[in-house]
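S.K.: Quick one: the structure is below, and I'll ask about it shortly.
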Amino acid sequence: MTQDVGPALCVVVPCYNETPNVAPMVAALDAALAGIDWEVVFVDDDSPDGTADTVRAIARTDRRVRCLRRIGRRGLSSAVIEGALSSSADFLAVIDGDMQHDETRLPVMLDAVRGGADMAVGSRHVGDGDAAGLASPLRERLSAVGIGLAQMLARAPINDPMSGFFLMRRIRFEALAHRLNGQGFKILLDLLLAAPEPLKVVEVPYRFRPRTLGESKLDVLVLVQFAGLLLDKALGGVMPLRFIAFALVGAFGMVVNLAITLAARRFGFDFGTAQAIGTVAAMVANFEMNNRLTYRTMRLRGGGYWRGLVLFMLVCGLGAIANIGIARALYRQDATGIAASAAGAAIGVVWNYAVSATLVWRAR
Ligand code: GDD
Ligand code: MN
């Protein structure tokens, strides 16, 4: 007769340069998970600060602790995937290694999944949840834009789709593993998008703590990868031809914008008004062209045309806000501003496309 002796819960902790947080993390898990048979896997991408050595030193005296060290690789999502696949426990939890997530919620999350939920998600946006730890107003705004977008694409209703703190059964994770994009930061969203049927999600509120030790790894590449994840989903495996058409129409729209703005200036409008007229004209022209060219197979007519136009203008307006925010953030690192506005524009196009493709010209 065989008997289960392996741990019931595996806590996967992606970490990069988190040396000072490793011991506090193990101690916090030890306190929070009393009475639960658990293990922790720190997945380290060969951090220059020696995070892996720090984990191993603890692992030598505590058999619940493991280290998975990856060489020549980077990425939060792929680290989580590999850590999760390295375990045989029935349940998997994913938590940041910087003490920003609240590990004391884990038993509640485990109970929720034991009680029948497909997934328990630590959420900053329900009940007492709180995103106080978000570093800056720009980050908050970007986060809000990303959340809106993610909520549109994820079929399961979820308040905090950008969370990186969740718990689920390992077999369910394994069933989705082949369908994961694995790029970037958003492993939870990746899982939600990969599920063939909406997952039953229970959200458990928690307070996102400020980081006290080490540094955040969120950078521009992470944002680009996030856009890629959504784009991948929006394309749904189809050739990206439609995106190319959309981007070309967008480029033409910039010409329209410039021409109309200049013309309006000639007619004596002040700069702000002229620019507003140019922008609105460009949006209408873009919508018309996308409707006739890019989305000719699902062309909107009659009432749907007007509804689509209004939605499109809202989407592009939000895209412009994200565009400006990103360009501003980058501008601080690059004095010429060329790369900054290019990246801003690129992300704006991806946003406009991803949302238009799902909301405005929705395949029925
Ligand atoms: N192995 C590995 N490889 N780990 C990484 C990498 C990487 O390339 N990049 C980041 N990590 C680890 C960090 O060491 C940390 O433990 C965790 O992933 C989160 O990284 P942070 O850099 O602290 O992320 P954050 O605080 O900006 O983002 C958090 O909040 C987001 C919501 O705003 C994370 O929880 C995200 O998952 C969450 O979506
Ligand atoms: Mn963090």
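The values are calculated or read from the model by the stated rules, or taken from the named source; none is laboratory data. Keep in mind that what you see is a predicted model, and the values were worked out from it rather than measured. Backbone-built Cβ (ideal geometry, glycine too); neighbour counts: all protein chains shown.
S.K.: Being more than 22 Å from residue 204 (Cα to Cα) and surrounded by 17 or more Cβ atoms within 10 Å (Cβ to Cβ) is the filter here; which residues of region 153-180 pass it?
M.R.: 176, 180
S.K.: Of all residues in region 70-97, how many are more than 16 Å from ligand 2 (Cβ to nearest atom), outside any loop (DSSP other than H, G, I, E, B) and more than 17 Å from residue 26 (Cβ to Cβ)?
M.R.: The total comes to 7.
S.K.: Kindly indicate whether any position in region 19-27 is closer than 25 Å to residue 229 by Cα, touching a residue at least 12 places away in the same chain (Cβ under 8 Å), within 13 Å of ligand 1 (Cβ to nearest atom) and in the same structural domain as residue 206 (by TED's automatic domain parsing).
M.R.: no
S.K.: Answer yes if at least one residue in region 196-207 is crowded, with 22+ Cβ neighbours inside 10 Å, of a type in the set (Ser, Thr, Tyr), closer than 18 Å to residue 146 by Cα and within 16 Å of ligand 1 (Cβ to nearest atom), and no otherwise.
M.R.: No, there is no match, as no residue in region 196-207 is crowded, with 22+ Cβ neighbours inside 10 Å, of a type in the set (Ser, Thr, Tyr), closer than 18 Å to residue 146 by Cα and within 16 Å of ligand 1 (Cβ to nearest atom).
S.K.: Something else: From the set of residues in region 111-125 that are under 23 Å from residue 9 (Cβ atoms) and at pLDDT below 95, which is farthest from ligand 2 (Cβ to nearest atom)? Talk me through it step by step, then tell me what you get.
M.R.: Within region 111-125, the first condition is being under 23 Å from residue 9 (Cβ atoms), and the residues that meet it are 111-124.
If we keep only those that are at pLDDT below 95 as well, we get 123-124.
Working: 123: 16, 124: 12 Å.
It comes out as 123.
S.K.: Given the conditions (1) over 26 Å from residue 229 (Cα atoms); (2) more than 16 Å from ligand 1 (Cβ to nearest atom), and given that residue 109 satisfies all but one, which numbered condition is not satisfied?
M.R.: (2)
S.K.: Any residue at all in region 173-185 that is of a type in the set (Phe, Trp, Tyr), modelled with pLDDT of 85 or more and near ligand 1 (Cβ under 10 Å from one of its atoms)?
M.R.: No, that holds for no residue.
S.K.: Kindly check whether there is at least one residue in region 153-160 that is at pLDDT below 80, closer than 20 Å to residue 357 by Cα and in contact with a Ser or Thr (Cβ under 9 Å, 6 or more places away or on another chain).
M.R.: Yes: region 153-160 contains one or more residues that are at pLDDT below 80, closer than 20 Å to residue 357 by Cα and in contact with a Ser or Thr (Cβ under 9 Å, 6 or more places away or on another chain).
S.K.: Looking at region 1-23, which of its residues are touching a Ser or Thr at 6+ places or on another chain (Cβ under 9 Å) and not aliphatic (A, V, I, L, M)?
M.R.: Those that are touching a Ser or Thr at 6+ places or on another chain (Cβ under 9 Å) and not aliphatic (A, V, I, L, M): 6, 7, 10, 14, 15, 16, 17, 18, 19, 20, 21.
S.K.: Then there's this: Considering only region 42-57, I want to know if a residue exists there that is outside any helix (DSSP H, G or I), more than 11 Å from ligand 1 (Cβ to nearest atom) and touching a residue at least 12 places away in the same chain (Cβ under 8 Å).
M.R.: Yes, some residue in region 42-57 is outside any helix (DSSP H, G or I), more than 11 Å from ligand 1 (Cβ to nearest atom) and touching a residue at least 12 places away in the same chain (Cβ under 8 Å).
S.K.: Between 61, 54, which is over 15 Å from residue 7 (Cα atoms), in contact with a helix residue (DSSP H, G or I) (Cβ under 7 Å, 6 or more places away or on another chain) and among the polar types (S, T, N, Q)? Give the derivation first.
M.R.: On the way: 61 fails: in contact with a helix residue (DSSP H, G or I) (Cβ under 7 Å, 6 or more places away or on another chain).
The unique qualifying residue is 54.
S.K.: Please find, among 153, 193, 189, the residue that is touching a Lys or Arg at 6+ places or on another chain (Cβ under 7 Å), under 21 Å from residue 325 (Cβ atoms) and either more than 16 Å from ligand 2 (Cβ to nearest atom) or of a type in the set (Ser, Thr, Tyr) (or both). Break it down into steps so the answer makes sense when it comes.
M.R.: On the way: 193 fails: under 21 Å from residue 325 (Cβ atoms); 189 fails: touching a Lys or Arg at 6+ places or on another chain (Cβ under 7 Å).
Residue meeting the stated conditions: 153.
S.K.: Okay, moving on. If a residue has to be part of a loop (DSSP other than H, G, I, E, B), among the small types (Gly, Ala, Ser) and over 30 Å from residue 328 (Cβ atoms) to count, how many in region 189-219 make the cut?
M.R.: Step one: filter region 189-219 for residues part of a loop (DSSP other than H, G, I, E, B), giving 195-200, 206, 208-219.
Cutting the leftovers down to among the small types (Gly, Ala, Ser) gives us 195, 214, 216.
From the residues that got through so far, the ones that are over 30 Å from residue 328 (Cβ atoms) too are 195.
Number satisfying all stated conditions: 1.
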